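Asker: Would you mind keeping the following structure in view while I ask a few things?
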Amino acid sequence: MGGRVTATMVARHAGVSVATVSLVVNGKHRGRVSPANVAKVRQSIAELGYVVDRVASSLSKGSSDLVILISPDISNPFFAGVIAGIKQVLGKRYQLLVSVTDDGNLPQAQEVRASLEFRPAALLVFAPAETFVDAVRGHAPMVLIDAPGMEHLAPTINIDIEASARALGEHLTSLGHRTFGYLDSRTGSRTFQMRRDALMDQISGSGGHESISEVATSIVSYEAAGEAFTQAWPQWSRDGVTSVICATDIQAYGVIGAARSLGLAIPGDLSVASFDNLSYSAISSPSLTSVELPSVELGRSAASVALALIDGEAVSVSHEVFAGQLHVRESTAALTTS
């Protein structure tokens, strides 16, 4: 068949109305179109090779079937869990589009304006700055993920990072560690700052302290983390650092690799711990002590709230919090004195 296949052609081929075709292709046929007619429409779509004109559809409806996840970084496998959770809830009703900023920086409004031209049905925004939320508010229903302190701006799904960070600090100080190095993420989001503040507050309350003579940061990358540790270690070593804590598991893997290259034994000479609890962390060598962040649950919850907003439902819970969990493994051990 030459030329572009239209919904009218599909309707004629299936022997149904154009409205019926529209209900089927938009996933709104349940309880409104008989199973027999649904089957006819789908068969005609397959035989004719019909492709929905999403742009035209969004213009007629005022929004598209796209839900956009705006994230500062997906190089970290943590985000695979977030995306999986979102897709589980969206199903086939909505398509997920991921908009990612460069080098793990916080998203800027001008970077996503092109995506907003698609008239998304909803926005899921991970770890934004308030200025970003203010700039894009009103374009579509919005749900914030991992955005503590922004509950007044939009429905927010957060992690109880303070409790889990304090649990990690208590674990390390109970092993006798008192001087710590911290490898932070360059993203600069509020949640990273909160986990570091809560962790160091717990450590200082137990008589420990952070080495601040050499501040270490990197993007969430194995290689970048290893380089940052190698640069920081000479001063950390002089300061008496016996434990390094990383903002993410990926960075911890880089630290362990770099430490070994410098002849350090993990955990004999240096304990290493982090946040994320990726699946690899249980089987790495040594296995990694890490705080589990519930990525799939975050994605599911955010997508569920987004669907409720799309459907015009009242969202009774505008602030949901998931707890992190500390997993103690081989990379941390009691401090030994020579």
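Laboratory data are not the source of any read-out in this text; all were calculated from the coordinates shown. Bear in mind the structure is a predicted one, so any value in this text is a computation, not a measurement. Note that we place each Cβ from the backbone using ideal geometry, even for glycine, and neighbour counts take in every protein chain shown.
Asker: For the stretch 238-321, what is the largest minus smallest coordinate of the Cα atoms on each principal axis, given in angstrom and ordered from greatest to least?
Answerer: Principal axes ranked by extent give 60, 27, 14 Å for the Cα atoms.
Asker: Using alpha-carbon pairs under 8 Å, 6+ residues apart, how would you state the relative contact order of the stretch 7-52 in percent?
Answerer: 42
Asker: Net charge around residue 196, counting only other residues with Cβ within less than 10 Å of its Cβ (Lys, Arg = +1; Asp, Glu = -1)?
Answerer: For residues surrounding residue 196, the net value is -3.
Asker: Something else now. Within the chain, what's the longest stretch lacking trypsin sites (Lys or Arg not before Pro) that sit in DSSP loops with no more than 10 other Cβ atoms inside 10 Å?
Answerer: With a cap of 10 other Cβ atoms within 10 Å, the longest stretch comes to 93-338.
Asker: Excluding same-chain residues fewer than 8 positions from residue 87, which aspartates and glutamates have a Cα within less than 15 Å of its Cα?
Answerer: Within the straight-line limit of under 15 Å, residue 87 reaches these aspartates and glutamates: 65, 297.
Asker: Hey, what did the chain get for relative contact order, percent, Cα under 8 Å, at least 6 apart?
Answerer: 18
Asker: Compute the helix-to-body angle for 161-174: its Cα long axis versus the longest principal axis of the chain, expressed 0 to 90° and rounded to tens.
Answerer: 20
Asker: Under the Kirkwood approximation applied to all pairs of distinct alpha-carbon atoms, what is the hydrodynamic radius of the stretch 161-294 in Å?
Answerer: By the Kirkwood definition, the hydrodynamic radius is 14.3 Å.
Asker: Provide the percentage of antiparallel DSSP beta bridges, counting only those with both residues in the chain; round to the nearest 5.
Answerer: Bridges in the chain that DSSP calls antiparallel: roughly 10 percent.
Asker: Now for a different question. Sum up the charges of everything whose Cβ sits under 11 Å from the Cβ of residue 10, counting Lys and Arg as +1 and Asp and Glu as -1, but leave residue 10 out.
Answerer: Around residue 10, the charge tally is +2.
Asker: Dipole size in debye (nearest 20) for the stretch 141-263 around its Cα centre, Lys and Arg Cβ +1, Asp and Glu Cβ -1?
Answerer: Computed about the Cα centre, the dipole is about 220 debye.
Asker: Looking at the chain as a GNM with Cα springs under 10 Å, which of 21, 89, 244 has the largest mean-square fluctuation?
Answerer: Among 21, 89, 244, the largest mean-square fluctuation in the Gaussian network model of the chain belongs to 21.
Asker: Also: Would you be so kind as to identify which of 308, 253, 332 lies farthest towards the positive end of the dipole of the chain, taking Lys and Arg as +1 and Asp and Glu as -1 on Cβ and the Cα centre as origin?
Answerer: The residue sitting most towards the positive pole is 308.
Asker: With runs of 4+ DSSP H residues as the only contributors, calculate the mean residue ellipticity of the chain at 222 nm using -39,500 (n - 2.57) per run, divided by the residue total and rounded to the nearest 500.
Answerer: Computed mean residue ellipticity for the chain: -13000 deg cm²/dmol.
Asker: What translational diffusion coefficient, to the nearest whole µm²/s, does the chain have by Stokes-Einstein, given a Kirkwood radius computed over alpha-carbon pairs, a temperature of 20 °C and 1.002 mPa s viscosity?
Answerer: Estimated via Stokes-Einstein, D reaches 96 µm²/s.
Asker: For an R0 of 41 angstrom, estimate the FRET efficiency from the Cβ-Cβ distance between residue 279 and residue 43 and round to the nearest 0.05.
Answerer: Efficiency computed from Cβ-Cβ geometry: 0.50.
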